[in-house]
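Below you'll find the structure, written out as structure tokens, and then a few comments.
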Amino acid sequence: MKIQKRHLLLSLIALCSLLLADQYTKWLAISHLKGQEPFVIISRVLEFSYLENTGAAFSSFAGRQTLLICLTTVVTLLLLWKYLTLPGGRRFVPMRFCMLLIISGAVGNLIDRVSRNYVVDFIYFVPIDFPKFNVADIYITVGVAILALLLFFYYQDEELDKLIGGPRV
């Protein structure tokens, strides 16, 4: 493995901290929002309201928990493998950070799917009628967005070729 033990320990602590924050906010949503009227943070802008989502993003694949559990597990394992095999050094710290966010979000929602058979969503932006989401979804979205920026503007083609294992076509 290319990652040092100290960095691996710090990564594990970060992963656990992110997971705890996600699960704690979902517990709060269940405890204080389930069966209640929405909790308005900013009138006509942001509110917290409870939703049991049996699907994935935008409720796609609703009710297909086995498929979603399998898919999430495979993607998470691939990301973990790539995380552990990234070259060492500071150059790939931003990529590792993004991968930690994505893995944390995926595992946070996976915990819900396995333990509850649905994902707890509770954050709702009223003006754009955006689907409800949770903290794990934020981790995934932010991680993917930053990773895309890194891939397009930070890492050079030669670095990416080495990561993928050959020249791109």
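The values are calculated or read from the model by the stated rules, or taken from the named source; none is laboratory data. In this text, all values refer to a predicted model and were calculated from it rather than measured experimentally. Every residue, glycine as well, gets a Cβ built from its backbone with ideal geometry; the counts of neighbours run over all protein chains shown. The accessibility values were calculated without ligands, DNA or RNA, using every heavy atom of the protein model including side chains. Shrake-Rupley method; radii C 1.70, N 1.55, O 1.52, S 1.80 Å.
Here are a few things to note about the model shown:
- Count - residues of the stretch 76-92 that are closer than 22 Å to ALA21 by Cα and hydrophobic (A, V, I, L, M, F, W, C): 3
- Screening LEU110, LEU101, LEU67, LEU150 for residues that are free of Cβ contacts under 8 Å to residues at least 40 places away in the same chain and either under 20 Å from LEU19 (Cβ atoms) or aliphatic (A, V, I, L, M) (or both) leaves exactly one candidate, LEU67.
Conditions (1) open to solvent by 40 Å² or more (accessible area, probe 1.4 Å); (2) at pLDDT below 95; (3) in contact with a Gly (Cβ under 6 Å, 6 or more places away or on another chain), marked per residue:
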position: GLY108; (1), (2), (3): no, no, no
position: ILE111; (1), (2), (3): yes, no, no
position: PHE125; (1), (2), (3): yes, yes, no
position: PHE130; (1), (2), (3): yes, yes, no
position: GLY143; (1), (2), (3): no, no, no
position: PHE153; (1), (2), (3): yes, yes, no
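- Counted residues, the stretch 3-53 - those being under 22 Å from the mean Cα position of the chain (by Cα), within 25 Å of SER115 (Cα to Cα) and not in a helix (DSSP H, G or I): 6
- Conditions (1) free of Cβ contacts under 8 Å to residues at least 40 places away in the same chain; (2) farther than 21 Å from LEU147 by Cα; (3) surrounded by 11 or more Cβ atoms within 10 Å (Cβ to Cβ): number failed by TYR50: (1)
- Filtered residues of the stretch 3-39 (kept if in contact with a strand residue (DSSP E or B) (Cβ under 6 Å, 6 or more places away or on another chain), among the charged types (D, E, K, R) and crowded, with 16+ Cβ neighbours inside 10 Å): LYS26
- Single unsatisfied condition, LEU149 versus (1) modelled with pLDDT under 95; (2) open to solvent by 80 Å² or more (accessible area, probe 1.4 Å): (1)
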